[in-house]
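See structure below.
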Amino acid sequence: MLVDKGLYMRSPHVIPVKETSFVESKKFMGGLFGDKRPLNVIEITNIYINLKRNALGKTIMVGFSQVAQSKEVGQFMTRGGYSSKTYKSIFGAP
């Protein structure tokens, strides 16, 4: 399967909770800069969508680099494809 080979990212699965909880402490936003805190569902969703968008952009750049008539444009698109690897490595994606 594509998931086993690392060619497809499965979407994150979050189990809904039965009761809601609200942020009551001002330390919640401090977790962005200081102590680590767990990610919330919206942050997980944004990271996942950005990784999918990055994969699509990489695919488009590779395609354009293969059909570009100008060598400079092809090299520019190839560099863009390589920069997507940096983004994936930051977030630990396969």
Inset, instruction - Describe numerically, in nm with one decimal, the distance between label points set 7 Å from Cα along Cα→Cβ at Tyr87 and at Asn50. - result: 0.9 nm
Legend entry - Links that overshoot a 18 Å alpha carbon limit, given the list Lys5/Lys88; Lys36/Lys88; Lys18/Lys52: Lys36/Lys88; Lys18/Lys52
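The numbers here are math on the coordinates, done by the rules we state, and not lab data. Because the structure is a prediction, the values reported are computed rather than measured. Glycine also receives a Cβ, built like all others from the backbone with ideal geometry; neighbour counts cover every protein chain displayed.
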